[in-house]
1. Please provide three numbers in whole Å: the alpha-carbon extents of the stretch 336-403 along the principal axes, with the largest listed first.
2. Which of S277, S236, S77 has the fewest other C-beta atoms within 10 Å, and how do the rest follow up to the most?
3. Among Y166, F179, A233, which residue has its Cα furthest toward the positive end of the charge dipole of the stretch 155-271, with +1 on Lys/Arg Cβ and -1 on Asp/Glu Cβ?
4. For K222, K96, K72, which order do you get if you count the other beta carbons within 10 Å of each Cβ and list the fewest first?
5. Once the piece of chain linking R208 and K96 is laid out straight, how much longer is it, given 0.36 nm per residue of separation minus the C-alpha distance between them?
6. Stokes-Einstein D for the stretch 151-243 at 20 °C, 1.002 mPa s, Kirkwood Rh over Cα pairs, in µm²/s?
7. Have a look at the stretch 103-211 and give its Rg and Dmax from the Cα atoms, expressed in angstrom.
8. Would you mind getting me the FRET efficiency between Q240 and S148? Use the beta-carbon distance for r and R0 = 56 Å, nearest 0.05.
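Readers should treat all values here as calculations from the given coordinates under stated rules, not as data from a laboratory. Small disclaimer: the values here were computed from a predicted structure and weren't measured. In this analysis, Cβ positions are derived from the backbone assuming ideal geometry, glycine residues included, and neighbour counts consider all displayed protein chains.
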Amino acid sequence: MKTSDSENEKTAPPLWQYVPIADYHPPAPPVTESVRERLAVFRRLFLHGEPEEESPFKASDNLRALPAWQSKRVAPSPEWHGSAEALTLELTAWLKQEEPDRPAIVLVGPPHGGHSGTLAVWAEQQGWPILPPPSTEQILNGDDTWLSGQSRSGSPWVFPALERAYLRHAEGLNLIRRFLDRVCSGNLGRGIIGCDSWSWAFLRHVWRGRLPVTLTLQAFDKDRLADHFQQIADPSGDRQLLFRQSDNGRYVLKPPKTETSTGAETSSFLQLLAAHSRGNLGVARAVWLASLQTEPDEKLAEEPPDEGAPGMDGQTVWVLPWSQLSFPALPSGAGRDEAFVLHTLLLHNGLPLELMQRLLPLAPSQVMETLLRLEDSGLAAQVDSVWQVAARGYPAVRQFLQDNGYLIDQF
């Protein structure tokens, strides 16, 4: 018996869903497709003279990356409203309790996963004040006056980025230990804390207090990625944009209803993307943007349309096959210096250069040179004077640190 679309929608999990950390499940790659993609790479590397089995649907030479305005139109940055609403749903019972058993909730998420953005939106929706982070000197001096105002008010609060309250330094942990003790004892009242997953992994080693309730956003598998990318690219739901794989014409996102009934083939690209990103929406979006192509003669390809003019309706966005994508990799000979710098960036979810040079056991010039090498390799980026691991480079960095025995997160 055939299952209707409406029945599928009833059983499908929500796009945004918060779960205990133990219930986070990174997506698995498709086994058969992984073998096929490895064979494709082998053919490209070693069988240069061999003819291709079949002609590509759209030759890559005839395609080019989407212009910046189209990229923003097709895959804009998440605004996190849906994530904040899902968090409210998950916290319904806790919010109704006048004196909850656990006064604090910790929202943990991987780099580029949106935990701080979600909490900023959530705080605005709920009317809860956001606690500012302590200054560098307050952290190093263990200055408790940072929280003196909150201690007196007793009102509920949100602290979106716990990683901004400590430094991996001999003098940089006392303040956060006391803060977490006070939070979990209820001394600061009811609050919600956001924390980067690498910072949380580190803090669980240096702070042995009572573990608060910890939640995380469930991984974006292929179905969630498909729904999210479709929604942001085509908010009206009219399928005005088509996303097809360039080598075989298969649909990457849902085909129009007129073709669904004819059994149109779909691509495994999103399953590979979900596995590569480990369900991290920020990483997935960065790779997704890099895969999107258009034909040079497509209308309005260079400049955004004037207000009221037709935009990209009816246009096909071509998606490069997974085997043709390039990914950032560690530079040749990468070793201790790169590992120190990358691990420090991840443990703090990014730092300005001056603090990196202050924290690392390297000469200031070594830190700068290492950061520039990592930037050239696509592994690090500077945003508003803060250095961080780049979204597209994050999977390679995580694997490099894991292979070299460094403490990693569980996402």
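1. Largest first, the stretch 336-403 extends 26, 26, 21 Å along its Cα principal axes.
2. On the way: S277 28, S236 7, S77 11.
Lowest to highest Cβ neighbour count: S236, S77, S277.
3. F179
4. K96, K72, K222
5. 37.4 nm
6. 131 µm²/s
7. Every Cα atom of the stretch 103-211 included, Rg and Dmax give 13.0, 38 Å.
8. That pair, Q240 with S148, gives E of 0.55.
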